[in-house]
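Only the coordinates and a few stated rules stand behind these numbers; no lab work does. Just so it is clear, the model here is predicted, and its values are computed rather than measured. No Cβ is skipped: glycine too gets one built from the backbone with ideal geometry, and neighbour counts run over all protein chains shown.
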Amino acid sequence: MNQRHPPRARRLGPRPLAALVTLGVLVLAGPARAWDAHGHRLITLLALDRLALDLPEFLRDPQVRAMIAENSNEPDRWRSVRQGHLMHLNGPDHYLDVEDLGHYGLTLRDIPPLRYEFVSLMAITREKLGSEFKGRPINAARDIAKTAQWPGFVAHAIAENYGKLTASFKTLRILETLDDPDRDHQISAQRGNIAAIIGVLSHFVGDTAQPLHTTRHHHGWVGDNPGNYTTRYSFHAYIDGTILDIHKLDYEAMREDPPHDAARLPRTRDVDPMNPWRAILDHVQRSHEQVVPLYELEKSGELVGDPGRELIMARLRDGASMLADLCNAAWEASDPTREDIDNFIKYDNFKPGFFVIAEPAGSP
């Protein structure tokens, strides 16, 4: 839930991206903003409470839970490195400005599920319309990472990381089926991969649950404003973190006590384990529907009262529920076939004894 364009990004001025990339410059800004890290950790822990009991036991280990919650902030920390390739890749993965899809003749439901098909369609539409295109103009001097022209790719980031999680779950299950002590390090590595991927997936699911990550009005209302909503740029930061502090929303306040019996708890979203795209778009839509109510609560002053608390809690819980459902569905989709196991053995080309625990080469 970090700010889309943090103030420090502007201090680079109009330096061309090519200069940053060609010279390999890594411009280190100050520490990544962490004030809203609490919200991502909270969503992650609430989601882990809802995992089905047939998921791996290590996901219930307190240390692993803490690691996953910490990993949920990694995509925001990538922003602390002002490196052209990373900025270009990571920046638009945190949002989807639903209103801007209309400039390309699209609705939320029309978005191609494959990222590059989506990009290709938008580029063709922009070229075809020429001067009649009413979307965001391209400003190479200000947009050094070449990202501002796109409405965002958070839905694709969720789908892609879901696929990675499914693959890592499958690899873990294959390794556990092989039950080979010589492969224990592979199991440990795969568990680490899973903890990292769930954390990253949690970040993008959590970002989407914050309504301001689904709208062009992400840092205050822009353009025509018949509702006289706030135009404060700082409104985004206020929702990301300050409002959680005002309402004292932490894990103890929001955890279900006693926790749901996950063994009997059905998935609350209709997630197709083999194709979660529709459920992901539903997640975006649910959040986007709360954009105007959020601005209305700010305008009336009720955002700091019970109505505001209920809306923010509902958004946090929806993010947690969606993340849990995706994890449960990924586990369901990852059940390996005999062919999967045979192919893994064939292409892994594992040689017992290769990873001998010994001193590094050259040690005295």
For the stretch 210-227, Karplus couplings with θ = phi - 60° (6.51, -1.76, 1.60), whole Hz, Gly/Pro x:
8, x, 6, 8, 10, 8, 6, 8, 7, 10, x, 5, 10, x, 3, 9, x, x
Report, by chain and number, residues whose modeled amide H sits under 5 Å from the one on Phe153, excluding near sequence neighbours (fewer than 5 apart, same chain).
Asp93, His94, Tyr95
So for Val98, Val205, Val304, fewest C-beta neighbours within 10 Å to most, what's the order?
Val304, Val98, Val205
Using the Kirkwood formula on the Cα atoms of the stretch 91-186, what hydrodynamic radius do you get, in angstrom to one decimal?
16.0 Å
Using a Förster distance of 45 Å, the FRET efficiency for Thr242-Thr177 (Cβ separation, nearest 0.05):
0.40
Cα-based Rg and Dmax for the stretch 270-339, in Å, come out at 16.7, 60
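Which value results for Rg/Rh of the stretch 132-209 when Rg is the Cα radius of gyration and Rh the Kirkwood radius based on the inverse mean 1/r?
A ratio of 1.25.
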Leaving out same-chain residues fewer than 8 places away, which lysines sit with a Cα under 30 Å from that of Lys299?
Lys134, Lys248
Once normalised by the length of the stretch 45-181, the mean sequence separation of its alpha carbon contacts under 8 Å that are 6 or more apart gives a contact order in percent of 27 percent
Computed ³J(HN,Hα) along the stretch 75-87: with the Karplus parameters 6.51/-1.76/1.60, θ = phi - 60°, integer Hz and x for glycine or proline, the list is x, 6, 6, 4, 6, 6, 9, 8, 10, x, 4, 5, 4
Projected area averaged over orientations for the stretch 183-328, convex hull of C-alpha atoms, nm²
11.3 nm²
Taking the convex hull of the alpha carbon atoms in the stretch 169-220, what volume per residue do you get, in Å³?
66 Å³
Highest mean first, what order results for 88-94, 297-303 on Cβ atoms within 10 Å?
88-94, 297-303
For the stretch 114-163, compute the orientation-averaged projected area of the C-alpha convex hull (one quarter of its surface), in nm².
4.0 nm²
Excluding residues fewer than 8 places away in the same chain, name every one of the aspartates and glutamates whose C-alpha is closer than 19 Å to that of Lys146.
Asp76, Asp93, Asp97, Asp100, Glu117, Glu127
Determine, from the Cβ-Cβ distance of Asp272 and Ala123 and an R0 of 25 Å, the FRET efficiency 1/(1 + (r/R0)^6), rounded to the nearest 0.05.
0.30
From phi via Karplus (6.51, -1.76, 1.60), per-residue ³J(HN,Hα) for the stretch 163-171 in Hz, x at Gly/Pro
x, 5, 5, 4, 5, 5, 4, 4, 4
Lysines within cross-link reach of Lys346: Cα-Cα under 17 Å, excluding same-chain residues under 8 positions apart?
Lys170
What does the highest-first list of 73-83, 329-339 look like by mean Cβ count within 10 Å?
73-83, 329-339
